[in-house]
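Visitor: Right, I'll just put the structure down here and ask away after.
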């Protein structure tokens with residue numbers, strides 16, 4: 001093994017650590033061996049007489065800013081694929097942590113929570129704890145259900161090219177996992193029970209969202225947020241205390257409307 005060169009594609013801390021470990025094993029912790037390993041396009045200041053000064057000089061160089069920004073972009077593009085879809089969680093976590101380290105992002109949990117585009121999520125009615133659900137064999141029916149099962153799984157995707165959803169300028173699609181149909185509205189069709197705008201899973205609709213606790217919140221959508229979901233008509237998705245029956249089974253109705261009623265549908269986003 002030879003001394004690794006610093007070519008701007010490695011974090012300065014990692015490189016100096018590797019170099020020091022190598023020299024320690026050789027019994028030669030001499031800075032004079034190390035400085036020539038820095039890429040010639042990086043002009044180092046004079047007076048570097050310690051590893052800490054070398055570390056600081058490398059971090060102050062423009063190339064390190066480019067390196068961090070590159071890793072931030074890679075982090076935004078990183079997608080989580082579950083084991084059932086052929087992915088490996090351990091590999092994802094390792095890559096995620098490495099990118100956070102390179103980009104010098106210390107709050108890894110906050111960054112991880114942002115990356116929900118194309119994730120599998122559940123939407124839970126806060127007041128009752130029931131989940132937004134649909135049944136593939138009854139694909140036009142949307143309801144809330146007590147059970148967290150495959151009927152309650154949705155793919156969330158952003159309508160823009162962004163990998164992070166802002167509360168101010170991002171819309172979402174919700175695709176039911178079992179049926180591959182999108183959550184939408186019936187258009188002008190009304191619920192036979194309440195006469196409010198009907199909800200279905202056979203049409204693709206854009207949904208906007210707002211933070212339930214903070215008015216005009218300008219942050220990013222993340223796992224665990226409590227949100228209000230509304231359509232382009234500014235009608236909110238709500239869970240009504242009304243029920244309908246199909247094939248002897250009873251379901252609690254989901255509708256869209258703009259009236260201020262107690263049964264506001266608040267969605268708690270959970271990664272499955």
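Visitor: Of (1) modelled with pLDDT of 80 or more; (2) under 20 Å from residue 184 (Cβ atoms), residue 226 satisfies all except one. Which?
Guide: (2)
Visitor: Select from the range 249-272 the residues that are surrounded by fewer than 15 Cβ atoms within 10 Å (Cβ to Cβ) and either part of a strand (DSSP E or B) or modelled with pLDDT under 70 (or both) and list them in ascending order.
Guide: Within the range 249-272, 249, 250, 260, 261, 262, 272 meet the criteria.
Visitor: Here's a follow-up. Kindly list, by first and then second residue, each pair from a residue in the range 96-109 that is under 15 Å from residue 12 (Cβ atoms) to a residue that is assigned to a loop (DSSP other than H, G, I, E, B) and at pLDDT 90 or above, limited to pairs with Cβ atoms under 6 Å and residues at least 6 apart or on different chains.
Guide: What qualifies is 102/11.
So that you can scan it fast, the table gives a plain yes or no per residue for (1) assigned to a loop (DSSP other than H, G, I, E, B); (2) under 30 Å from residue 157 (Cα atoms):
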| residue | (1), (2) |
| --- | --- |
| 10 | yes, no |
| 28 | yes, no |
| 32 | no, no |
| 40 | yes, no |
| 55 | no, no |
| 81 | yes, yes |
| 93 | no, yes |
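Visitor: Next up: Given the options 168, 159, name the one that is within 17 Å of the chain's Cα centre (by Cα), farther than 20 Å from residue 119 by Cβ, modelled with pLDDT of 70 or more and assigned by TED's automatic domain parsing to the domain that holds residue 125.
Guide: Sole residue among the options that is within 17 Å of the chain's Cα centre (by Cα), farther than 20 Å from residue 119 by Cβ, modelled with pLDDT of 70 or more and assigned by TED's automatic domain parsing to the domain that holds residue 125: 168.
Visitor: Being modelled with pLDDT of 80 or more and in a strand (DSSP E or B) is the filter here, so list the residues in the range 137-156 that pass it.
Guide: Within the range 137-156, 154, 155, 156 meet the criteria.
Visitor: Still on this model: Taking the range 32-50 as the search range and keeping residues that are in contact (Cβ under 8 Å) with a residue 12 or more places away in the chain and more than 19 Å from residue 10 (Cα to Cα), which one is surrounded by the most Cβ atoms within 10 Å (Cβ to Cβ)?
Guide: Step by step, filter the range 32-50, then rank; the result is 48.
The values are calculated or read from the model by the stated rules, or taken from the named source; none is laboratory data. Values in this document were obtained by computation on a predicted structure and should not be read as measured data. Note that each Cβ is placed from the backbone with ideal geometry, even for glycine, and that neighbours are counted across all protein chains shown.
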